[in-house]
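The values are calculated or read from the model by the stated rules, or taken from the named source; none is laboratory data. Given the structure is predicted, the values throughout are model-derived calculations rather than measurements. Here the Cβ positions follow ideal geometry from the backbone for every residue, glycine too, while neighbour counts run over all protein chains shown. We work out accessible area using only protein heavy atoms, side chains counted, and drop any ligands, DNA or RNA first. Shrake-Rupley method; radii C 1.70, N 1.55, O 1.52, S 1.80 Å.
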Amino acid sequence: MGTQTQSVPTATSIPTERAGGPARTTAVSAGAAGADQPASERGKTSIADVVVVKVAGIAAREIPGVHDMGGGLSRTIGAVRDRVPGGRPNVGRGVKVEVGERQTAIDIDLVVEYGVPVADLARGVRENVISAVERITGLEVVEVNVTINDVHLPEDDADAPATENRVE
């Protein structure tokens, strides 16, 4: 009596749902079924798009000179959301990804600090994002497109109204 093994098809995308639109889960490695297969190859690993978004967002914020991320509207909504008690910052704001079976492409929108060389900053963000995403997810990053949407000026912080204590 011979043993039979059943191979699992190559990596595929499995659609799932989330608030705000459909999310995708991408299989990174396909395994084989059967007791005669090594334990490390039994089953498959799937990575949701939101994982790549969060990893890329955190990696981009690690670079000195990145003040904020996202376009004008998303930053405004994010600022309101950050002030709501119990709310937490959206690390994926300003990051869009396209994930395939083994590769991903990433678009990042940034606000930079005034005086920081933009080309150097973009290069640093690109390198850090590629390194983090490839190391953590195992996906090959084919491109990271960086868009600089705004420059944060030092006087922008000075114009913010000072908060007064309501009690003495």
Under 23 Å from GLU155 (Cα atoms) and touching a strand residue (DSSP E or B) at 6+ places or on another chain (Cβ under 7 Å): is that true of VAL111 in this structure?
yes
Reported set for the range 135-168 where residues are polar (S, T, N, Q) and at pLDDT 85 or above is THR137, ASN145, THR147, ASN149
Among the residues that make up the range 118-134, is at least one of them more than 14 Å from GLY57 (Cα to Cα), in a loop (DSSP other than H, G, I, E, B) and either among the hydrophobic types (A, V, I, L, M, F, W, C) or at pLDDT below 90 (or both)? no
Restricting the range 85-117 to residues that are modelled with pLDDT of 95 or more, open to solvent by 20 Å² or more (accessible area, probe 1.4 Å) and among the β-branched types (Val, Ile, Thr), the one nearest to the chain's Cα centre (by Cα) turns out to be VAL97
Within the range 59-67, does at least one residue satisfy the condition of being open to solvent by less than 30 Å² (accessible area, probe 1.4 Å), modelled with pLDDT under 95 and part of a loop (DSSP other than H, G, I, E, B)?
no
A careful count of residues in the range 68-84 that are more than 19 Å from VAL151 (Cβ to Cβ) and either modelled with pLDDT of 65 or more or of a type in the set (Asp, Glu) (or both) gives 1
